[in-house]
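The values are calculated or read from the model by the stated rules, or taken from the named source; none is laboratory data. The structure presented is a predicted model; accordingly, all values stated were derived computationally and were not measured. Cβ atoms come from the backbone with ideal geometry, glycine included; neighbour counts cover every protein chain shown.
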Amino acid sequence: MADAILIELFKEVGSFVFQVAKQEIESLVGFDEEVQKLQGNLRMIKAKLDDAEERHAVKQRTEKLWLEQLQNQYYEMDDILDTWNTARIRAEIEKEEGKPADTNASAVVKKKVCSFIPSPSCCFNLPLRHDVGHKIRKLNEKLDMVFKDKATYGIDFNRQPDVVERPTTTSFVDVSQIIGRDIYRDYLLKNLLGEGSQEETNSYCVISLVGLGGIGKTALAQLAYNHPDVQAHFQKRMWICVSDPFDQCNVAKAIIKEVDPRHEPLNDTKLQTLLCKIQDLIKDKKYFLVLDDVWTEDFQKWEPFKIALKSDVHGSRILVTTRKQRAAEVMGSVLTINLKVLSDEDCWSIFSKIAFSNEEQLKYLEDLGRKLAIKCKGLPLAAKTLGSLMQNKRSREQWNKILDSHMWELEDIEKGLLAPLLLSYYELPSTMRRCFSYCAVFAKDYRFSRDQLVLQWIAQGYIESKANMELEDIAEEYFEKLAMHSFFQDFWPDEVNDDKIKSCKMHDIVHDFAQFMSKNESFVIDSDKKLETDCQIARHLHLEISKEMQHLESIYHAKCLRTLFLLSHDMDYEFEMLLSNSFHHFKCLRTLILDCPIKKLPDAVENLIHLRCLFISENVKIVKLPETFCNLCNLQTLKIENHGCFKKLPQGMSKQINLRHLIFNDDIYSNLVVFPKGIGKLIGLRTLSEFNIGDKNDREGCKLGELKNLNQLRGTLKIYGMGNVVNVDEAHNAQLKDKIHLRGLVLMFEGLGFDEGEERMENDVRVLTALGLPPNLQCLTIWHYQGNTIYPTLPSLGQLPFLEVLDIQGLDNVKKVGDEFLGIEDSKNKKDYGIIFPNLKSLEFGEMNNWEEWIGMEVTGEEEEENDNGIVTNPIIIKIMPRLQTLTIYFCNKLKSLPNYLLTAPLLKELRISGSRLLQERYQRGTRENWHKISHISNIMFDWKSVQRNGEAQFDSEIHNIPKQRLQRHFRRSTPKQNRQRRFSTNQQNEFGSEISDKDDVGAASAECVVDELVEVDNDQGLEICDADR
């Protein structure tokens, strides 16, 4: 009886197990289809979110809640797909290393299960497939529920998109209400009235006012338009509010109506007829035309007007106001005035005129009012909006509440202050809107590095790929467009990279706006605030830690966090525990920025399987990264700035096959970081800022040949330890000639491979001869090479078509330099050489203590040729360095003279000789016969003192025009050992290798030039003016 019961029970259980197994097997078999379906749903959700935002269709609370649900679904689906892709990548890596692809299931179990399943792909990582499959099914079920809710609540995003109201401006203004623009007004009037300049050859010129929405461009234009001198100077004034879109016919009709208010109706007139009418009306007039609020970047829209607006009378002016630098360029501006913010005092003047109706109120609330004026951060519209908001608030309690609020939390702010920013925001494509909103995660007044910001955008997946374009280049375009739309300010140019934007800030009001647009995703928690913020829904978190903040449990609720910026200068905090907990909770992180004095990165970092970007600041005390770090196979960017502490990269970095940027800050300790073997497997690297070669006794160290397959490298590569290369084959294997994207190369020959002496000299020669050079090199630096000639294979160097900077330092064994420096061989016909160093602009030699002679060939010669009249001689002219602009020689104590081909270079404008006594005596002003050979050079410096500046003699003893970095480098000259650890700075590229352009051809004829003029004003901001096409 008992046996029968057991048998029946076994049958039931067996049947149940069979059914479960059948369901599980079916789910595994259909797994790939489920993944594809999920990918399709992800794209569909993204499109719906973008459509809803572009149509400005979100009006009701139910709609907002529904979109938030959809947004959450999007993130969950993205995480699941990324988890699966990560598993596939890891399987490939393990297969490459010879390990089993699935470490979670025994081979026996795997074999048994796979025998039931027809699809071979199902054998891969069964436990993970099972887990992901369940999550996908749940997500699809949740997505079905979300769309059912949409139907239930009657949510419809297909209705006609709302039209964002664009205010129409006029020329009428109370000029007494415009405050703080006197210097801009005077400068603008000067250029409108043509004072101090010759009459133009063109009939008109275009001047543009550019700046952030609400900064006062229209007010300044109104100020000029209504000025008595302008009214008297021009025969006709016209004010047109253009706005967006740029309707050619409407603009043309408006111009006609302004010139002739009594003109007959123009309802059905074509553009051709309208332009002809404009030409006829203005042909004998000097006019002043204001085109206010221009948005178009399409030059074809403006092109017909450029011709139609020409008149027979010279001296007309067109004044354009726009938020977009590109629009000013399209309009053909010859003068661009970039409006800066007002001073706090000017903001207070605007605010107080509106907020207070009598003197008594002013006295009672002035202290709080001034604080509110400071909160406006120099934006006139903010001062007006806040002033209007406070008109009816009379208690200090009310004013304090406003003072403690975020700008975007205040009533009516969206309609008033944020409305102009909304116009600019919605004009951006969805990808750029996400990039802009992401900036809310940084604190106010934070200085963005352009390179770091675009790498973070890439890490978040905001950059849409395009055929034949690098992601970094696309992201840079996004940055440039946001900058040209006035979303960024306070730009610092990169002086050695074509003056591109190196860093910038965001105006506080714009930052408030970014927070407003991402208020459910981005949170900034400062150390002086209590942890009262609910971070559960946070996606991006900026957290400043203080020792008082010991209980961070509420932070750990942010399970879906994608960015964590951890900031602190508190040395006593338990950061290791904080990070260990964080790595267990924040498993969705894409970007991690560490700016706190942590001493060890926990092994749990391997939990961050989605991580794309890790920044380690100089404030961090980490010496090395744990080996578990190498399991982060999605990592794209690793930037390490704490060179004073950091010593060693982990051995398993070859597994990080998606790494694109390995960046070290230029630092005196950078050559002390130990690189592991296997770096050469990271063939996707775009940036490798430094490469350190291990010595012959270093078993773990990297060899030069590891560079062989890194052919995607861009920007500048610094190679330290060239003296450690003892096998010439390593130099061959590096295959530098295949690095076609490299623009800068630094070869540092310090090393311990040989004792100083003949063996080292011969080895350096062999290594450099075998090395070869990237064909598109723009900058080359060679330090402490011990060969006895400048460069053993120099013919190829002199013919590099793009080489602009050559810097040679510390060649102690060189005594004489001759034609071999130019790559000229006696056996070769001189006419075969063409131009030698055709693009070289800067040449620098230093610390060559035994260098005595520099013999230079004549740049002209003769060639005999036989023709019908007998034998004739033809002149041969060899051009040497025709574009050389700067020549620097320092600490070459024995060098006696310079070759004539250098001193007669046609564009040479700067000569610096320091620590080289014989040269200085030979070319000394007035007392030596060779002064005449250099007297034509505009700027001459001996021992960092100006002897001649801009062609005029200088007799003072001050140090002029030497960059701080270069001064430090000169004054820190010491022993070769110390020099090995000294910082070298070329910085000829940005962090991910944008190329140096060749726009800066000083001395060449040009139809256009740009002059930046800085005019000082009473406040901190100044006046920024760009004068072009003069």
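Observations, loosely collected:
- Verdict on VAL320 being of a type in the set (A, V, I, L, M, F, W, C) and not assigned by TED's automatic domain parsing to the domain that holds ILE240: no
- Only one of the numbered conditions (1) within 44 Å of the chain's Cα centre (by Cα); (2) surrounded by 15 or more Cβ atoms within 10 Å (Cβ to Cβ); (3) outside any helix (DSSP H, G or I) is not met by THR269, and that is (1).
- For GLU329: the one exception among (1) crowded, with 22+ Cβ neighbours inside 10 Å; (2) out of contact with any Pro (no Cβ under 7 Å at 6 or more places or on another chain): (1)
- The residue that is nearest to the chain's Cα centre (by Cα), among those in the stretch 925-934 that are surrounded by 15 or more Cβ atoms within 10 Å (Cβ to Cβ) and either modelled with pLDDT under 85 or part of a loop (DSSP other than H, G, I, E, B) (or both), is ARG925.
- Check on LYS375, of a type in the set (Lys, Arg), buried (at least 19 other Cβ atoms within 10 Å of the Cβ) and either in contact with a Cys (Cβ under 6 Å, 6 or more places away or on another chain) or closer than 30 Å to CYS205 by Cα (or both): no
- For the stretch 621-669, filtering for residues that are over 23 Å from the mean Cα position of the chain (by Cα) and either of a type in the set (Gly, Ala, Ser) or part of a loop (DSSP other than H, G, I, E, B) (or both) leaves 20.
- Boolean, VAL313 is in a loop (DSSP other than H, G, I, E, B) and either touching a Ser or Thr at 6+ places or on another chain (Cβ under 8 Å) or of a type in the set (D, E, K, R) (or both): yes
- Only one of the listed residues (SER449, SER424) is in contact (Cβ under 8 Å) with a residue 24 or more places away in the chain, crowded, with 16+ Cβ neighbours inside 10 Å, closer than 19 Å to ILE509 by Cβ and among the small types (Gly, Ala, Ser). That residue is SER424.
- Restricting the stretch 341-372 to residues that are out of contact with any Gly (no Cβ under 6 Å at 6 or more places or on another chain) and part of a loop (DSSP other than H, G, I, E, B), the residue that is surrounded by the fewest Cβ atoms within 10 Å (Cβ to Cβ): ASN358
- Against the criterion of being in contact with a His (Cβ under 8 Å, 6 or more places away or on another chain) and farther than 28 Å from ARG237 by Cα, LEU379 qualifies.
- Single residue of the stretch 286-299 satisfying the filter (at pLDDT 90 or above and at negative phi) that is surrounded by the fewest Cβ atoms within 10 Å (Cβ to Cβ): LYS286
Listed here are the residues, each with its yes/no results for (1) surrounded by fewer than 17 Cβ atoms within 10 Å (Cβ to Cβ); (2) in a loop (DSSP other than H, G, I, E, B); (3) modelled with pLDDT of 85 or more.
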site	(1), (2), (3)
THR103	yes, yes, no
HIS134	yes, no, no
MET145	yes, no, no
LYS148	yes, no, no
ASP156	yes, yes, no
SER176	yes, no, no
LYS190	yes, no, yes
GLU195	yes, yes, no
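- Residues of the stretch 436-467 satisfying the condition of being out of contact with any His (no Cβ under 7 Å at 6 or more places or on another chain), among the charged types (D, E, K, R) and closer than 25 Å to CYS560 by Cα: GLU464
- Qualifying residue in the stretch 238-245 (condition: acidic (Asp, Glu) and in contact (Cβ under 8 Å) with a residue 12 or more places away in the chain): yes
- Residues of the stretch 223-255 classified as over 36 Å from the mean Cα position of the chain (by Cα), among the polar types (S, T, N, Q) and assigned to a helix (DSSP H, G or I), total: 2
- One residue stands out in the stretch 712-728 among those that are outside any loop (DSSP other than H, G, I, E, B) and in contact (Cβ under 8 Å) with a residue 40 or more places away in the chain: the one that is nearest to ASN658 (Cα to Cα), namely GLY715.
- Here VAL817 meets the list (1) out of contact with any strand residue (DSSP E or B) (no Cβ under 7 Å at 6 or more places or on another chain); (2) buried (at least 20 other Cβ atoms within 10 Å of the Cβ); (3) modelled with pLDDT under 90 almost entirely, failing just condition (1).
- Residues in the stretch 272-307 that are part of a loop (DSSP other than H, G, I, E, B) and under 42 Å from the mean Cα position of the chain (by Cα): 4 in all.
- Residue satisfying condition, being crowded, with 17+ Cβ neighbours inside 10 Å and small (Gly, Ala, Ser), within set GLY387, GLY461: GLY387
- Yes/no for LYS138 being part of a helix (DSSP H, G or I) and modelled with pLDDT of 60 or more: yes
- Selection within the stretch 300-326 - of a type in the set (Ser, Thr, Tyr) and crowded, with 22+ Cβ neighbours inside 10 Å: SER316, THR321, THR322
- Screening the stretch 374-429 for helices (runs of 4 or more DSSP H) wholly inside it with 2 or more residues that are modelled with pLDDT of 80 or more returns the ranges 380-390, 396-403, 419-426.
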